[in-house]
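Chemist: Okay, here's the structure, questions in a sec.
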Amino acid sequence: MWDNVPLLRNIANALFGLSLLLVLYGTARYVLRLPVFPLRTVELAQAPQRVPVELLEKVVHEQVSGNFFTVDLEQTRQDFEKLPWVRKVSVRRKFPWSLQVEVEEQVALAHWNGKELVNTHGEVFAGVSEQALPDFIGQPDTSAQVTQMYGELSATLQPMKQQIVQISLSPRFAWQVRLDSGLVLELGREEMQQRLARFVKVYPYSLTTLARPVKHVDLRYRNGFAAYLPGGIV
């Protein structure tokens, strides 16, 4: 090997090239960390509606570090997403000296188990809302299922011109809804939409003709339903 001049020359060239790459890499890292590439501004793509701008500014001042090239975009995104009423955030560099932050805020759809909120994607999040929202009641990890059922049943109820103010999914996965009229509907665990559709179809010719208001209806019957009046069953 030691008398193989071409081989030794190739090895020397390879080592020289590797050394040069390491030097260039170290130099580039050093140059990129110099204060000549500072972040001068952090821009919001649009003004937030629910998230206080002061909290966004606090994240910028306390969490964002590095310059234009070295700032950790993923960590910055995570820091913003920890804020209340923030669902998702995208962060990108904007040449030459800025970061652009786009914030997607939570849109509350309902209260969840009286303690949290559910957004329009069926995701549970911490927050307080003064809006008149329906109540969703369900087991852990069923918020998306309850949200989907709420949408489907609300569409079925449109001919009755009544709104769902509470929808419940029991531990045994049975469904119940309460309408803004006070009427409670027991839907059971199967064929919920079909049962509700049959009820909606006959509603104008059945319950609305009674002298006393019905407050509870059991739809868990194959060919009909049971309406409970004060003092007895219809």
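The values are calculated or read from the model by the stated rules, or taken from the named source; none is laboratory data. Note that the structure is a prediction, hence the values are computed from the model and not measured. Using ideal geometry, Cβ is built from the backbone for each residue, glycine included, and neighbour counts are taken over all protein chains shown. When the accessible area is computed, the model is the full protein with side chains, heavy atoms only, and any ligands, DNA or RNA have been set aside. Shrake-Rupley method; radii C 1.70, N 1.55, O 1.52, S 1.80 Å.
Chemist: What percentage of the solvent-accessible surface of the range 44-101, computed with a 1.4 Å probe over protein heavy atoms, is contributed by carbon and sulfur atoms?
Modeler: About 49 percent, which is the carbon plus sulfur part of the accessible surface.
Chemist: Remind me, relative contact order of the range 52-140 in percent, using alpha carbon pairs under 8 angstrom and six or more residues apart?
Modeler: Computed over the range 52-140, the figure is 18 percent.
Chemist: Would you mind putting 53-61, 101-109 in packing order, based on average other-beta-carbon counts within 10 Å, highest first?
Modeler: Descending mean neighbour count gives 101-109, 53-61.
Chemist: Please tell me the relative contact order of the range 80-234 in percent, rounded to the nearest whole number, where contacts are Cα pairs under 8 Å and at least six residues apart.
Modeler: Relative contact order for the range 80-234 comes out at 12 percent.
Chemist: Restricting attention to the range 125-220, which trypsin sites (Lys or Arg not before Pro) occupy a DSSP loop and are surrounded by at most 10 other Cβ atoms within 10 Å?
Modeler: Answer by residue number: Lys161, Arg172.
Chemist: Kindly report the accessible area of the range 45-170 per residue (heavy atoms of protein chains, probe 1.4 Å, no ligands, DNA or RNA), in Å².
Modeler: Accessible surface, normalised per residue, equals 56 Å².
Chemist: Here's something else I'd like to know. Mind checking the range 130-234 for GluC sites (Glu not before Pro) that DSSP puts in a loop (not H, G, I, E or B) and that have at most 16 other Cβ atoms within 10 Å?
Modeler: Sparse-neighbourhood loop GluC sites (Glu not before Pro): Glu130, Glu190, Glu191.
Chemist: Write out the trypsin sites (Lys or Arg not before Pro) in the range 89-125 meeting two conditions: DSSP loop, and at most 11 other Cβ atoms within 10 Å of their Cβ.
Modeler: Sites meeting the loop and neighbour criteria: Lys115.
Chemist: Follow-up question, since we're still on this one. Can you spot the aspartates and glutamates whose alpha carbon is less than 16 Å from Lys161's alpha carbon? Ignore those fewer than 8 places along the same chain.
Modeler: Excluding near neighbours in sequence, the set is Glu152, Asp180.
Chemist: Based on Cα coordinates alone, diagonalise the gyration tensor for the range 58-163, multiply each eigenvalue by 5, take square roots, and list the semi-axes in whole Å, largest first.
Modeler: Its equivalent ellipsoid spans semi-axes of 37, 14, 11 Å.
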